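Right, one structure below, let's go through it.
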Amino acid sequence: MSRNVLPARAAPFAVAALASVSMLAALGARAADKLIEVQWTDPEIKNFVSTATPPRSLGPSADDQLSKLKLPVLAFDSTPGVVENTFRLGPRPATERDVVMDEANPVWYQIVERFGDVTVSVSGDLRVQHVFPDSYPVYENKSPGAAAQAGPTVSVFDDRASGGEEGYLAEYTINKFGVPYTVTVECSVEAQEECRDTTQIAKDSELLKLIRATPPKQ
């Protein structure tokens, strides 16, 4: 089975390590690759650009980074339900956020948000992407009476079976504006049941909103 992911996937709860020197070197080697063509004429983008409503801010530094990207930026506009469900494990943790991109070649990004036992990342990439190793075991939602899942197809992987130590990964990819966007949910052992709740994770995709779009100048 093959899936779209960012090159050089980081270990769970260390996604921000994508900014490492080794990864940037790999990105530079692929800078000349043919890029996906963004559908900048999409009505949603046109409406977003023309509206006077301020876009969601991730902070001055992050906003400045995102404005340089050559692709529309999707992000969750509120806390995903799969994350809310883990707050039963204890006090609500403070949210930590990282925005990762290559400002010298702004054709991809990753927004990483950590909520204690769960880390959620959203990434978009105009380059041809690598595939996830076929050795990862995949689990489906087989709970009694489970209804057909609406929304994107979510795959759940037991990271421990491939040498990881944290628990489970859930991931899906959606295509908007001609661009593949990948959402990854990483759960600790304590929160592993949330990562296996594919129905909730798929439903949370409705919270993905356009927060930045900088069409090329004509």
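The values are calculated or read from the model by the stated rules, or taken from the named source; none is laboratory data. Fair warning: this is a prediction, and the values are worked out from it, not measured in the lab. When we count neighbours, we look across all protein chains shown, and the Cβ atoms used for this are built from the backbone with ideal geometry, even at glycine.
As for the stretch 75-89, it holds at least one residue that is in contact with a strand residue (DSSP E or B) (Cβ under 7 Å, 6 or more places away or on another chain), under 23 Å from A202 (Cα atoms), surrounded by fewer than 19 Cβ atoms within 10 Å (Cβ to Cβ) and of a type in the set (D, E, K, R).
Please verify whether V112 is modelled with pLDDT of 90 or more and of a type in the set (V, I, T), treating the condition exactly as stated.
Working: modelled with pLDDT of 90 or more: yes; of a type in the set (V, I, T): yes.
It is true that V112 is modelled with pLDDT of 90 or more and of a type in the set (V, I, T).
Within the stretch 183-198, track down each residue that is touching a residue at least 40 places away in the same chain (Cβ under 8 Å) and either under 11 Å from D117 (Cα atoms) or touching a Gly at 6+ places or on another chain (Cβ under 8 Å) (or both). Correct list: V185, E186, C187, S188, E190, A191, E194, C195.
Considering only residues that are modelled with pLDDT under 90 and over 18 Å from the mean Cα position of the chain (by Cα), look in the stretch 90-105 and name the one that is surrounded by the most Cβ atoms within 10 Å (Cβ to Cβ).
Applying the first criterion (modelled with pLDDT under 90) to the stretch 90-105 yields 90-95.
Okay, now just the ones that are also over 18 Å from the mean Cα position of the chain (by Cα), so 90-94.
On the way: G90: 10, P91: 7, R92: 13, P93: 15, A94: 8.
So the residue we want is P93.
Among the criteria (1) hydroxyl-bearing (S, T, Y); (2) within 13 Å of T214 (Cα to Cα); (3) modelled with pLDDT under 90, the one S57 does not fulfil is (2).
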